[in-house]
Amino acid sequence: MTTQSPIAVFDSGEGGLTVLRQARELYPDHDFLYGADSLHFPYGSRPLSEVRDLFLRFLDFFLSRGVQAVVIACNTATAAALDEARRRSPVPVIGVVEAGAQQAAAVSRNRRIGVLSTLATYRSGIYRMAVQARDPTAEVVQRACPDLVTMAEAGETESEAARLAVRACLTDVFRRKVDTVVLGCTHFPHMERIFREEVGDRAAIIDPGLETARRLGRLLPPGGGSGQMEFFTTGDPRRFERITASLWPGIPVQAQRLIWRNGRYEAAALVREEARP
Ligand code: DGL
């Protein structure tokens, strides 16, 4: 591991790209390695113990690639695995929840904070705990929005159906008079335009990924790599490339498939090479 080692960014699918994009803008000279567990998407409908085990497989993979830091750019995996990952990892691991909760607690005037997330994040109560650790009097109004996750994963971020789904989630939290809305799933900032239009001036919108990307800078030594990005997915690499290109136009994306073999992930290209006589 050197100052030129890549930084790993993880999500169950396309959501973590919203964090990667911010991190790349802030640290253009660093190298990034993005891991998407597309085969097991969505994490939000799985028990936390299962999500933890799935993420830890990726942690091992990232460490085997000599990364200098790991960003769990997935709220669900942060809720499920951050503590365990920190115990196991010799390099810094950061999640997205802490930064988002802290920012929300600081921004909210009326101490009513809406958190939109996956079902698993909702059930974990992690945002409520993190916000109330800062402000015990704050009320956290949670709403699970699994439809939004599925739409964003499919690249459907501008449709009328997406707008209606966003509106339905917001209606529920606005009923409880929140003045701050946390996008508590990294898939949601892909729909940022719709969120801004639907929220208007009724509330502040918090994107925990943005603040997390800023915090990442504190962990990075000066210097960097050559600004490269590598993408790995447990799903179909071509599909991943197609959706990524639509969500992040202009980004050069060539994804490799990860295969689970002998208790660890291997990039498909390597598997093929080893198979040669
Ligand atoms: N993007 C993920 C999050 O921030 C989870 C999406 C999912 O797999 O359900 O929670």
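With the helix formula -39500 (n - 2.57) applied to DSSP H stretches of n ≥ 4, the chain reaches a computed 222 nm mean residue ellipticity of -14000 deg cm²/dmol.
Tally up the carbon and sulfur contribution to the accessible surface of segment 1-151 as a whole percent, 1.4 Å probe, everything protein left in place. Carbon with sulfur: 47 percent of the solvent-accessible area.
Between Gln256 and Asp53, full extension at 0.36 nm per residue minus the direct alpha carbon distance yields a gain of 70.9 nm. Ranking of Thr18, Thr137, Thr171 by solvent-accessible surface, largest first: Thr137, Thr171, Thr18 (1.4 Å probe, protein heavy atoms only, all chains present). For the pair Arg238 and Arg175, label points projected 7 Å from Cα toward Cβ lie 4.5 nm apart.
If you average the sequence gap of Cα pairs under 8 Å that are 6 or more apart and divide by the length of the chain, what percent do you get for the contact order?
Values: 545 pairs, mean separation 70.9, N = 277.
Once normalised by length, the contact order is 26 percent.
Residues within the reach of a label modelled at Trp248 (point 7 angstrom out along Cα to beta-carbon, backbone nitrogen below 15 Å), restricted to segment 26-49, are 26-38.
Within the assembled protein chains, the solvent-accessible surface assigned to Arg111 is about 120 Å², based on a 1.4 Å probe. Our summary gives segment 132-277 a relative contact order of 17 percent, counting only alpha carbon pairs under 8 angstrom and 6 or more residues apart.
Solvent-accessible area of Asp236, all protein chains in place: 80 Å² (probe radius 1.4 Å, heavy atoms, ligands and nucleic acids excluded).
Helix 17-26 against the longest principal axis of the chain: what's the angle in degrees, Cα atoms only, rounded to the nearest 10? Approximately 80 degrees, to the nearest ten.
What do you get for the angle between helix 237-247 and the principal long axis of the chain? Use alpha-carbon atoms, 0 to 90 degrees, nearest ten. Taking Cα atoms only, the helix is inclined about 40 degrees. When cysteine pairs in the chain are screened for C-beta atoms closer than 4.7 angstrom, the residues that find no partner are Cys74, Cys185.
For the chain, the longest principal axis of the alpha carbon atoms and the long axis of helix 208-219 meet at an angle near 50°. Placing unit charges on each Cβ (+1 for Lys and Arg, -1 for Asp and Glu) gives segment 178-269 a dipole about its Cα centre, and among Gly217, Gly227, Tyr265 the Cα reaching farthest toward its positive end belongs to Tyr265.
Could you give the accessible area per residue of segment 61-154, probe 1.4 Å, as a whole number in Å²?
Per residue, segment 61-154 has an accessible area of 40 Å².
What percent do you get for the relative contact order of segment 1-122 when only Cα pairs under 8 Å and 6+ apart count? The partial results should precede the final answer.
Details: 169 pairs, mean separation 36.2, N = 122.
Across segment 1-122, relative contact order equals 30 percent.
Between Gln228 and Gln4, 0.36 nm times their residue separation minus their Cα-Cα distance comes to what? Can you show the working numbers first?
Values: separation 224, 0.36 × 224 = 80.64 nm, distance 1.06 nm.
Difference between extended and current length: 79.6 nm.
The values are calculated or read from the model by the stated rules, or taken from the named source; none is laboratory data. Being a predicted model, the structure only gives us computed values, none of them experimental. Glycine also receives a Cβ, built like all others from the backbone with ideal geometry; neighbour counts cover every protein chain displayed. Please note that ligands, DNA and RNA were not included when accessible areas were found on the heavy atoms of the full protein model with its side chains. Shrake-Rupley method; radii C 1.70, N 1.55, O 1.52, S 1.80 Å.
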